[in-house]
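Reading through the structure tokens given below for one structure.
Please treat every number below as a calculation from the coordinates, not as lab data. Here the structure is a predicted model, which is why all the values come from computation and not from measurement. Every residue, glycine as well, gets a Cβ built from its backbone with ideal geometry; the counts of neighbours run over all protein chains shown.
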Amino acid sequence: MNVGKLNTRINVQEPSTETANAYGERLDTWTLYATVWAAVTPLTLRQVVATKQVSVDAQYQVEMRYLAGITAKMRVYYAARYYDIVNIETDDKTYHKLLLRETR
């Protein structure tokens with residue numbers, strides 16, 4: 001991984017607690033897990049198919065340095081939007097490659 005490409009700050013968030021509003025509806029709350037430098041690139045359909053992922057709606061690929069404890073239950077805040085982590089690939093505990101799709 002070329003660390004010079006890590007030119008974008010992203011926030012990795014983890015679910016913290018579930019609360020209920022006045023109507024009894026479940027509300028998820030999130031806390032900051034880490035703020036890291038990453039390389040964020042939009043994906044084309046061809047790239048998604050090449051990764052052999054079931055989820056074809058992945059929109060971004062994120063490359064970042066290894067971050068212990070990251071899971072698919074977390075989300076990423078980038079460019080004023082929230083993204084679910086669809087897939088995580090780890091290379092020898094040196095970096096992560098994440099596939100993201102916008103939270104609905």
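A few remarks follow.
- Only helices enter the 222 nm calculation for the chain: every DSSP H run of n ≥ 4 contributes -39,500 (n - 2.57), and dividing by all residues gives -1500 deg cm²/dmol, rounded to 500.
- For the range 18-36, backbone nitrogen atoms closer than 18 Å to the point 7 Å from residue 65 Cα along Cα-to-C-beta are found at 33-36.
- Value of Rg to Rh for the chain (Rh from inverse mean 1/r over Cα pairs, i.e. Kirkwood): 1.01
- Phi-derived couplings, Karplus 6.51 cos²θ - 1.76 cosθ + 1.60 at θ = phi - 60°, listed residue by residue for the range 64-81: 8, 5, 4, 10, 4, x, 5, 9, 6, 7, 8, 9, 10, 9, 8, 6, 6, 9 Hz, with x used for Gly and Pro.
- In this structure, the amide hydrogen of residue 60, modeled 1.01 Å from its nitrogen in the peptide plane, lies closer than 5 angstrom to those of 43, 100, counting only residues at least 5 positions away or on a different chain.
- Packing rank of 14-25, 90-101, where each peptide gets the mean count of other beta carbons within 10 Å, highest leading: 90-101, 14-25
- Each residue of the range 11-23 was assigned a 3J(HN,Hα) from its phi angle through the Karplus curve 6.51 cos²θ - 1.76 cosθ + 1.60 (θ = phi - 60°); the sequence is 10, 9, 10, 10, x, 10, 9, 9, 10, 10, 7, 5, 9 Hz, with glycine and proline shown as x.
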